[in-house]
Amino acid sequence: MTIQSLGVGSGLALDDLVQQLLEAERAPKDARLNEKEERIEAEISGLGQIKSKLSAFEDSVDELRSDADINGREPTISNPSEDDDVLSAEASNSALRGSYEITVEQLASGSRITTDDGAFTSSTDAVLSTGAGSLTFDVGGSDSFTIDVTAGMTLTQLREAINNADDNFGVTANIIDTGTSAGPRLVYSSSETGEGNDLVITNDTGAAELDRLSTTGGTGNISAANIQSAQNAIAYIDGIEVQSESNEFENTIQNVSFEVNEVSPKDANGDLQATTLDIGYDKEGLEKKIRDFVENYNSLIDEINTLTRYGESELEEDGALAGDSLLRGIQTTMANIVGGNVSASALGGLFQVGIEFNDDGKLEIGTTDFGLGTGEDRLEDALEDNFDEIAKLFTDENEGIATRLYEFADEYTSYGGLISLREQTAKDNRDELYDERETLELRMQSYEDTLRSKYLNLDQTVAQLNQTSSALLASLG
């Protein structure tokens, strides 16, 4: 006979018995695998967290170690009044501290040429009534372009042709309608500034009508009174005259550049009023970089402490990497670098800029005075008296703290770094765990088949005995 389900023939709860035996066999193995999986996933997650945090810290010290402006100079400009904007300035890191009194007498400008009074009666006048000609615009023999003039071309059309020329190097044409007998006047402006960069307009063909629009090439050209030459910017630094072809003065003060924006205002006596330019250290900017470094370091240490902590009670869970030697090693090495000596700097170490360790192993700019001044005092003194030496503490290519921290962090965060290798090992263990689960499922299936086969025989035997018993009782009845 065929038994469709265990216990159907015998009336015994054999199916429940098989399930209980299977659960008893599976439970300890599942518990072991679950615990192992939880541990591996926590490790992978924790490694990912610390790698991300360490990478962010690496980026911050990378900026610090390669920051060309860490010892930057800060130009401070004091104009005669708030309404003035005489100049702006920049200073390189090698600029010397100093204060300068600057007056601006003249801004640099390009040529400005205006056609003569009465040259035209209307902007629709033809500049050339018959034939053809051309005008060439030239500055210093280096830049030039040519405009072809055809019969009937109006003054307005000529203006547009000049402004839209593909090879125009910076000449702008405008029409000013005087509304008087002087008629409309065409004004040429050149962007090429500085003495010697005068705009020359040549009447190439000598057509008499084009003389009205040119400075040379004919006999009736624009009069000299209507030609304004290009000029240099003129300024005085502590009374010393300086000039520039443009409005920018490069290295006139060594390692300092400034740009003049307007002529200096005059006082009641008609004398130019000076603008004060102070070149000093950017103490505020460097102080912020130092405090940011402390904050970034502490943020990383907080992450390490969170991941490696042990719970203080049974109710408090351990960190994902509780007691992990890799992370403790990172923390110890970083502390050694930060607390180490930097012989390349006269300051010797970060303690001299006020940075010290607190009882939690984190950095702080201390407020307690132990006879050497508080951390805040030491930082202020270093910013005032050893500005350039602070940069060496962080950026020296061999001993700089930011340099060494970046190289150390890179050993862990790079593609083949120690954390990446550890992550790969953990992922390999996870893959092995998946294989173990598959093996367990196969083993449990085999075990279930064995149990069912065993208890199927029992079920069938008991069923047969029950039938025999029933038959005997029926015969005896």
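Couple of notes before you dig in:
- Residues of the stretch 80-109 satisfying the condition of being closer than 30 Å to residue 68 by Cα and among the hydrophobic types (A, V, I, L, M, F, W, C): 86, 87, 89, 91, 95, 96, 102
- Hey, residue 272 hydrophobic (A, V, I, L, M, F, W, C), open to solvent by less than 20 Å² (accessible area, probe 1.4 Å) and touching a residue at least 40 places away in the same chain (Cβ under 8 Å) or not: no
- Among all residues of the stretch 269-283, there is none that is in a loop (DSSP other than H, G, I, E, B), under 26 Å from residue 191 (Cα atoms) and more than 31 Å from the chain's Cα centre (by Cα).
- Residue, farthest from residue 387 (Cα to Cα), within the stretch 46-56, restricted to residues that are open to solvent by less than 20 Å² (accessible area, probe 1.4 Å) and at pLDDT 85 or above: 47
- Hits in the stretch 5-29 - residues which are modelled with pLDDT under 80, out of contact with any Ser or Thr (no Cβ under 7 Å at 6 or more places or on another chain) and surrounded by 15 or more Cβ atoms within 10 Å (Cβ to Cβ): 6, 7, 9, 10, 12, 14, 18
- The listed residue being open to solvent by less than 20 Å² (accessible area, probe 1.4 Å) and in contact (Cβ under 8 Å) with a residue 40 or more places away in the chain, out of 319, 375, 361: 319
- Filter result for residue 454 (open to solvent by 60 Å² or more (accessible area, probe 1.4 Å), part of a helix (DSSP H, G or I) and at pLDDT 85 or above): no
- Scanning the stretch 252-264 turns up one or more residues that are modelled with pLDDT of 90 or more and out of contact with any strand residue (DSSP E or B) (no Cβ under 9 Å at 6 or more places or on another chain).
- In the stretch 57-73, residue most open to solvent (accessible area, probe 1.4 Å) [restricted to those that are part of a helix (DSSP H, G or I) and in contact (Cβ under 8 Å) with a residue 60 or more places away in the chain]: 65
- Taken as a whole, the structure leaves residue 403 outside the set of residues that are among the polar types (S, T, N, Q), closer than 30 Å to residue 34 by Cα and in a helix (DSSP H, G or I).
- The single condition among (1) open to solvent by less than 10 Å² (accessible area, probe 1.4 Å); (2) part of a strand (DSSP E or B); (3) among the hydrophobic types (A, V, I, L, M, F, W, C) that residue 286 does not satisfy is (2).
- Within this structure, residue 410 fails the test of being assigned to a helix (DSSP H, G or I) and modelled with pLDDT under 85.
- In the set (1) under 24 Å from residue 356 (Cα atoms); (2) surrounded by fewer than 13 Cβ atoms within 10 Å (Cβ to Cβ), the condition left unmet by residue 475 is number (1).
- Of residues in the stretch 30-40 being of a type outside the set (A, V, I, L, M, F, W, C) and surrounded by 12 or more Cβ atoms within 10 Å (Cβ to Cβ), the one farthest from residue 447 (Cα to Cα): 39
- Subset of the stretch 87-127 (residues that are part of a loop (DSSP other than H, G, I, E, B) and either more than 37 Å from the chain's Cα centre (by Cα) or under 22 Å from residue 186 (Cβ atoms) (or both)): 115, 116, 117, 118, 119, 120, 121, 122, 123, 124, 125, 127
- Test: residue in the stretch 85-95 that is closer than 20 Å to residue 202 by Cα and either β-branched (Val, Ile, Thr) or open to solvent by 60 Å² or more (accessible area, probe 1.4 Å) (or both): no
- Selection of first residues in the stretch 413-431 that are free of Cβ contacts under 8 Å to residues at least 12 places away in the same chain and of second residues that are of a type in the set (Asp, Glu), restricted to Cβ pairs under 6 Å at least 6 apart or on distinct chains, gives the following pairs, ordered by first then second residue: 417/411.
- Test result for residue 361, at pLDDT below 90 and not in a helix (DSSP H, G or I): no
- Only listed residue being touching a Gly at 6+ places or on another chain (Cβ under 6 Å) and either surrounded by fewer than 15 Cβ atoms within 10 Å (Cβ to Cβ) or closer than 30 Å to residue 342 by Cβ (or both), chosen from 411, 432, 407, 441: 411
- Single condition residue 291 does not satisfy, out of (1) more than 30 Å from residue 39 (Cβ to Cβ); (2) touching a Gly at 6+ places or on another chain (Cβ under 8 Å): (2)
- Number of positions in the stretch 75-84 that are buried (at least 16 other Cβ atoms within 10 Å of the Cβ) and either modelled with pLDDT under 90 or part of a strand (DSSP E or B) (or both): 2
- The set of residues in the stretch 211-247 that are open to solvent by less than 50 Å² (accessible area, probe 1.4 Å), at pLDDT 95 or above and part of a loop (DSSP other than H, G, I, E, B) comprises 214, 215, 221, 222, 223, 230, 232, 246, 247.
- 2 or more residues without any contact (Cβ under 8 Å) to a residue 60 or more places away in the chain and surrounded by 20 or more Cβ atoms within 10 Å (Cβ to Cβ): qualifying strands (runs of 3 or more DSSP E) within the stretch 128-210: 171-177
The values are calculated or read from the model by the stated rules, or taken from the named source; none is laboratory data. Keep in mind the model is a prediction, meaning the values are calculated, not measured. Here the Cβ is made from the backbone with ideal geometry for all residues, glycine too, and neighbour counts use every protein chain on show. For accessibility, only protein heavy atoms count, side chains too; no ligands or nucleic acids. Shrake-Rupley method; radii C 1.70, N 1.55, O 1.52, S 1.80 Å.
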